[in-house]
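Everything on this sheet refers to the single structure shown next.
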Amino acid sequence: MDIKPILSSLRRSPTGAILVALQIALALAIVVNSLFIIVQRFEKVNRDPGVDVPNIFFVGWVPSSDSYQGEVTMREDLATLRSLPGVKAATVINAVPLSGGGSSTSVFTEPNEKGRRADMNYFEVDEQGLDTFGVTLTEGRNFDATIVTKPPRNSSFSPSGILVTQDVAKELFPKESALGKTIYTGTSQPVTILGIIDHMHGSWPGWDNVGDVALFPVIPDETYARYMVRAQPGQRDAMMKQAEEALNKVDNGRVILKVRSLEYIAANTYADDRAMAVYLSVVIALLLGIAALGIFGLAAFNVSTRTKQIGTRRAVGARRTDILKYFLAENWLITSLGVVLGCVLALLLGYWLSTTFELPRLKLYYLVLGVVGLWIVSLAAAFRPARRASLVSPAIATRTV
Amino acid sequence: MFAYDLRLALDSMKRHPGLSALMVLAIALGIAVCTVTFTIYHAMATNPIPQKSDQLYAVTLDTWSAERPYDDEKPEQPPQLLTYRDAMFLHGAKAASRSVVMYKSGALLIPAREGVKPFNSQLRVTSHEFFGMFDVPFAYGQGWDAAADAGPQPVVVLSHETNEKVFGGANSVGQMLKLGKVEYRVVGVLQPWNPSPKFFDLNNGAFEEAEDAYVPYGWGKALELPVYGNTNCWKPETGESYQDFLNSECVWLQFWAELPTLADRDKYQAFVDNYARSQKAAGRMPRPLNNRLYDVEQWLDRNEVVQKDNRVLIGIALMFLGVCLVNVVGLLLAKFLNAAPLTGLRRALGASRRDIVRQHMTEVLLIGLAGGVLGLLLAVGGLAGIRAIYSSDFNGSSYERLTQIDPVIVLVTLALALLAGAIAGLYPSWRIGRTAPAVYLKTQ
């Protein structure tokens, strides 16, 4: 097909074509970068947290009277919770995973803050902690009830043995197994690694090292303590009600506050990421819609102003498919111009985003995807006007002369 | 003249209702996306206390470890929070015209009222200057004095919401209220007050609600009230008692100073630096001297209150508006050129170029205005949607507060729509005005 006549016609009135190309270029830049951000958020939200999110819930409480007896009261409540038939495991815990709030500490492979270092997000749990999270050990063993202690209030306390995730183990001992190794707290107290957890996320989903988690055999201070309960599959909601009722029947110096599912908590933690993804998806949809309408509008206008010219061409022998091809080719040329410009814009925008906001650099296959997508949208938008052009009767040419 | 232009514009819009609607829609969508983004940005970037923001300073001291900075990613910044001994010294020295030392805590609130369940109330444990320094508005009663801090006296100031919940909104000054183990006498009730961002304490999220109740600072030590914000330590305490914690290098307190002039500020900086030097001489504060005073705006900036996401969205929204405008330019051009024979006739009958441009610009601005109004409606709907989907009591209703449209936003939106319309219309109007009438008359 000869594109010379298209080029010469474009040269004579370039404004409309330039505007469409510009629109496509801007649209491509936005779509590609937005899509890239959406996919990142989607991946973040859908990472495997390792923890049995759908079946876990939390019971908040605070001491309320003098009959509260610290560890004794907590153990009594845990016994109540564990006696419920739909409850698989329960523990007292110092923070809520995936909630954005928690505690962390640094450990070292040598005393005096020497050697390799890992920052761990730690949870204080009892012997059922591991089972309540629903995580498994790849090496070693869970701690047993005898080493679970309620320590004095002092930030330098550390338990004698702990469980850590593989992420932590690899950071501390990249070449050998961490099992049974002694590590040191910031105050040089020795701690033994009793077991290694396959994989789990801690409190801060936005943290790069969200998988650096440790479980301490410790009964937490009542200031932060709450109960974490894992229900049998499918029984969570029923158990949330029953747990609250059962605990409220016992009067042991504390009041039960909110009972919340981990699912609810995690959804709230990820709300910003989800909102960003949804918002950008809406923007992309609107953008493609607007761009398609713009292309359609201009193509339709072009066809309507050139009706006579089309009729003449038809009268001198052009077939319907020639006319159709002509307009589609014209559209394709304009779109391609826009797409080339758009690639440059998209890369610039991606560069700006990655340097200014420390986002990852735009992956090139998103660009390919965007280019193909816009070609299709543009072709689809131009198809109807082009078809209408092809239906122009040759007699038009004679009519208005 | 304007009435005539307006009539012509309306006629022209009616002649091509589809095309006109498309242009209004394009501008409306562009404006709506911008407005939604701007609204959230505006809420995040708002100065919560404009009348005093350059007189209030968050005071920070670098008390961290010799081995490493407080924040590895921003090693130049001292911790946001102070140790107990530093905060107590600075507050006691009275080197600022006013200062406040405080932290967030909580206690079980057991209402005497029927049907109200006990709940864990959020407490601000604060010295008495809080209310005066931050211009906190009272509905009933007032705050307390220095003697109540030192006592500590069992007095409490309630938020508007707590007073509604516990006393049904009545003037509860003089009433008793049990928080944890202590019975407090209500001395004041606030008006609804939720500065957003919650600049005076950003530890638990910049957009969470202000606390339910305020108690004198002395209660923190007397009752060993827990810290609900952050407690960060680099050096172990010497013992296990609460006093050991207070003596430790753990940072957990917020400290603000009111310094009316820049001279006051400089003087205070020198005072803090001198104090730090004396502490260094005594073997504390191993890091290089680095004490910073942040006014409210600097404080919000230092704590990155406006989220990165939102800045990204501003850029994307503006580009989106750009696409919509290019789109409108194309459509306008098509529309105007299509009606060129009519314009040619007007020119032939004596209309000047300026008349033609003015006539077309009127039409464009009309489209812009319609787009602006529609865009505003779409934005209100969009914000309501975001609120409905994401607002919950869990995130301190922050989405609730970030999605409120205010008059400033409405005005900015309409102005932006008109500006957008004008920009989009400039070239097409100029082009149609420039065209020689004869060309179009000929084709008739």
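The values are calculated or read from the model by the stated rules, or taken from the named source; none is laboratory data. This is a predicted model, so every value here is computed, not measured. Virtual Cβ from ideal backbone geometry, glycine too; neighbours counted across all protein chains shown.
Here's the yes/no breakdown for (1) assigned to a strand (DSSP E or B); (2) within 14 Å of chain B (Cβ to nearest Cβ); (3) buried (at least 17 other Cβ atoms within 10 Å of the Cβ); (4) within 25 Å of the chain's Cα centre (by Cα):
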position: A:M239; (1), (2), (3), (4): no, no, yes, no
position: A:N268; (1), (2), (3), (4): no, yes, yes, yes
position: A:D272; (1), (2), (3), (4): no, yes, yes, yes
position: A:I290; (1), (2), (3), (4): no, yes, yes, no
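Residues that are acidic (D, E) and either part of a helix (DSSP H, G or I) or facing another protein chain (nearest Cβ under 8 Å) (or both) within segment B:216-258 comprise B:E237, B:E240, B:D244, listed in sequence order.
Annotation note: Cβ proximity below 9 Å between a residue of segment B:217-232 that is under 16 Å from B:C250 (Cα atoms) and a residue that is surrounded by 18 or more Cβ atoms within 10 Å (Cβ to Cβ) and basic (K, R) (sequence gap 6+ or interchain) occurs for B:V227/B:K104; B:Y228/B:K104; B:G229/B:K104.
Among the residues examined, B:V116 qualifies as over 22 Å from the mean Cα position of the chain (by Cα), surrounded by fewer than 22 Cβ atoms within 10 Å (Cβ to Cβ) and not in a helix (DSSP H, G or I). Within the group B:A58, B:A3, B:A9, which residue is within 21 Å of the chain's Cα centre (by Cα), more than 13 Å from chain A (Cβ to nearest Cβ) and aliphatic (A, V, I, L, M)? B:A58 is the lone residue from the list that is within 21 Å of the chain's Cα centre (by Cα), more than 13 Å from chain A (Cβ to nearest Cβ) and aliphatic (A, V, I, L, M). Taking segment B:92-107 as the range and being crowded, with 23+ Cβ neighbours inside 10 Å, more than 14 Å from every other protein chain (Cβ to nearest Cβ) and not aliphatic (A, V, I, L, M) as the test, only B:S99 passes. Taking first residues from segment A:306-328 that are in a helix (DSSP H, G or I) and partners that are of a type in the set (D, E, K, R), the Cβ contacts under 7 Å between residues at least 6 apart in sequence or on separate chains come to A:I323/A:R313; A:I323/A:R314; A:L324/A:R387.
Residues that are out of contact with any strand residue (DSSP E or B) (no Cβ under 8 Å at 6 or more places or on another chain) and either part of a loop (DSSP other than H, G, I, E, B) or among the basic types (K, R) (or both) occur at least once in segment A:84-96. Filtering segment B:343-373 to residues that are under 14 Å from B:T435 (Cα atoms) and either basic (K, R) or surrounded by 16 or more Cβ atoms within 10 Å (Cβ to Cβ) (or both) leaves B:T343, B:G344, B:R346, B:R347, B:A351, B:R353, B:R354, B:D355, B:I356, B:V357, B:H360. When segment A:58-77 is filtered for residues that are away from chain B (no Cβ under 14 Å) and either assigned to a loop (DSSP other than H, G, I, E, B) or crowded, with 18+ Cβ neighbours inside 10 Å (or both), the ones remaining, listed by number, are A:Q69, A:G70, A:T73, A:M74, A:D77. Taken over segment A:320-344, the criterion of being among the hydrophobic types (A, V, I, L, M, F, W, C), within 13 Å of chain B (Cβ to nearest Cβ) and surrounded by 21 or more Cβ atoms within 10 Å (Cβ to Cβ) is satisfied by A:I334 alone. Only a single criterion out of (1) touching a helix residue (DSSP H, G or I) at 6+ places or on another chain (Cβ under 7 Å); (2) at pLDDT below 90; (3) not aliphatic (A, V, I, L, M) is not satisfied by A:S106, namely (1).
Scanning segment B:218-240 for residues that are over 15 Å from B:Y103 (Cβ atoms) and of a type in the set (K, R) gives a single hit, B:K235. Restricting attention to segment A:86-114, the residues that are over 19 Å from A:T269 (Cβ atoms) and touching a residue at least 40 places away in the same chain (Cβ under 8 Å) total 16.
Within segment B:295-329, being at the interface with another protein chain (Cβ under 10 Å from one of its Cβ atoms) and under 15 Å from B:F207 (Cα atoms) holds for B:Q307, B:N310. When residues in segment A:39-56 are screened for being buried (at least 19 other Cβ atoms within 10 Å of the Cβ) and within 14 Å of chain B (Cβ to nearest Cβ), 1 of them pass. Of A:L26, A:L7, all but one fail to be crowded, with 20+ Cβ neighbours inside 10 Å and over 24 Å from the mean Cα position of the chain (by Cα); the exception is A:L26.
Give the residue, chosen from A:N248, A:N209, that is within 27 Å of the chain's Cα centre (by Cα), in the same structural domain as A:L130 (by TED's automatic domain parsing) and of a type outside the set (D, E, K, R). When all the criteria are applied, what remains is A:N209.
When B:V323, B:V312, B:V373 are screened for being closer than 18 Å to B:F38 by Cα and at pLDDT below 90, only B:V312 passes.
A:K4 satisfies every condition listed in (1) in contact (Cβ under 8 Å) with a residue 12 or more places away in the chain; (2) of a type outside the set (A, V, I, L, M, F, W, C); (3) under 30 Å from B:F336 (Cβ atoms) except (1). Looking at B:A384, B:A415, just one residue is under 22 Å from B:P197 (Cα atoms), among the small types (G, A, S), modelled with pLDDT of 85 or more and in a helix (DSSP H, G or I), and that residue is B:A384.
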